[in-house]
Amino acid sequence: MSAVEVIAKQGRAVQVSLGSVLLLLVGTGALFASSSLVEFSVFFIIPVTYFSWFIHRKAGTIASAVSAALTLCANIASPVHIAHPRCRVLECADLVRLFYRRHIHCCSLEIIA
């Protein structure tokens, strides 16, 4: 039995709590990585995909909005963006589009599967 099958058989509360923990871990990692020159925002695709695939489309949309907000917070705290403050907002807007596209892609795969 694969991990996907095990997660799919769990109740909704377990799936939501597992996704929330995943989002919290990635968000915490992004805030800790913001003090260095490491770009951590790509890892937010994992919880967005999880919420979209296992829970519901609306949960994926909410997860992509929360991921974008956490990315913006991490970018504001980052020393890289101090010289160019508009870059962090534009980068966050690009990430919102990326997270939402990933969410839409996962929803379309769910319909096909």
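Quick note: the coordinates plus some simple rules give every number you see, no bench work behind them. Values in this document were obtained by computation on a predicted structure and should not be read as measured data. Positions of Cβ are backbone-derived with ideal geometry, glycine not excepted, and every protein chain shown enters the neighbour counts.
Potential lengthening of the chain between ILE104 and GLU39 amounts to 21.0 nm, from the contour at 0.36 nm per residue minus the alpha-carbon distance. Here the spin labels are modelled as points 7 Å beyond Cα on the Cα-Cβ line, and at ALA3 and VAL21 they lie 1.3 nm apart.
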